[in-house]
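These notes concern the structure reproduced below.
The values are calculated or read from the model by the stated rules, or taken from the named source; none is laboratory data. Remember, it's a predicted structure, so these values are computed and weren't measured experimentally. A quick note on method: Cβ atoms are made from the backbone with ideal geometry, for glycine too, and the neighbour counts reach across all protein chains shown.
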Amino acid sequence: MKNITFAERLKEARKAAKLSQQALADKIGRTKSTISRWESGERNPKMFEMVELENILGIQARELMFGEQEITDTILPKISRVSSQLEKPRQEKVLNFATAQLDEQKLEENKIINLSEADNRTSSLTAVETIEKVSAGFGFHYGENEKTTYYTLRNDLPRFDFATVVDGDSMEPTLHDGDVILIRQNYNTPQGGIYVIDYDGTSWVKEVRIDENELVLHSINEKYRDRFLPVPPEDGEYWNIVGEVVDWFTPEMI
């Protein structure tokens, strides 16, 4: 059996979900040409885009990226085919059950680990895996989706989709350089609150609101000026709301 590439796996997963390139693009807020470049191998999605693909296609991101098992051998396409034939009230029951299962899984994945035997500490620490960084300064460009594990004494973390690390001081005194922020994907129009924004390949964490025809990115630190992005984006520009920051913590030194 030949080794297939990420681009080929993505194309197979999209077809298994019975989505056209345009339909997939609409669901994740991208253009058809972006999907086409991914499927041709010209470009690869960023990590937060992999999270969106995972949610839409029902295929784990690591499976899409590394091909841990053949897409056609998974049970997810079967679930998709069966549920698509159900009437709406029954589809809602399937969705509610699947959501509850996902919440349980994430709690297990973010389980508390006891490090007292390793470092003679009696406290239990929660392990959180992060991807890259987001800027709280002048902008931080995406790299290679590097993953790092950080630890906190807290055991009350809310449900989140992924975590990342603050780079810079523009959100002080609320968020500090090096803090871990927990992000939940949110497709509602922001009217306040802290969000992660992707702007032309640069990631930002800011207070966000819509003001007339502009997306306002506000820095809590007064030495930084607000940024204003047109709504909708102008030709040649691209921005996307990655998700809402639902909680954060300063990592423990271990």
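Below is a table of values for the structure above.
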| item | result |
| --- | --- |
| Where a residue in region 6-19 is within 14 Å of S36 (Cβ to Cβ) and its partner, wherever it lies, is assigned to a helix (DSSP H, G or I) and among the acidic types (D, E), with Cβ under 6 Å and at least six apart | A7/E39; L10/E39; K11/E39 |
| Of the criteria (1) in a strand (DSSP E or B); (2) loosely packed, with under 15 Cβ neighbours inside 10 Å, which one V205 fails | (2) |
| Selected residue (criterion: modelled with the lowest pLDDT) from residues of region 83-124 that are surrounded by 11 or more Cβ atoms within 10 Å (Cβ to Cβ) and small (G, A, S) | S116 |
| Qualifying position, being part of a strand (DSSP E or B) and touching a residue at least 40 places away in the same chain (Cβ under 8 Å), among N221, N240, N186 | N240 |
| Breaking point among (1) surrounded by 16 or more Cβ atoms within 10 Å (Cβ to Cβ); (2) farther than 19 Å from V128 by Cα, for G192 | (1) |
| Failed item, numbered, when S20 is tested on (1) exposed (fewer than 15 other Cβ atoms within 10 Å of the Cβ); (2) out of contact with any Lys or Arg (no Cβ under 9 Å at 6 or more places or on another chain); (3) of a type outside the set (K, R) | (2) |
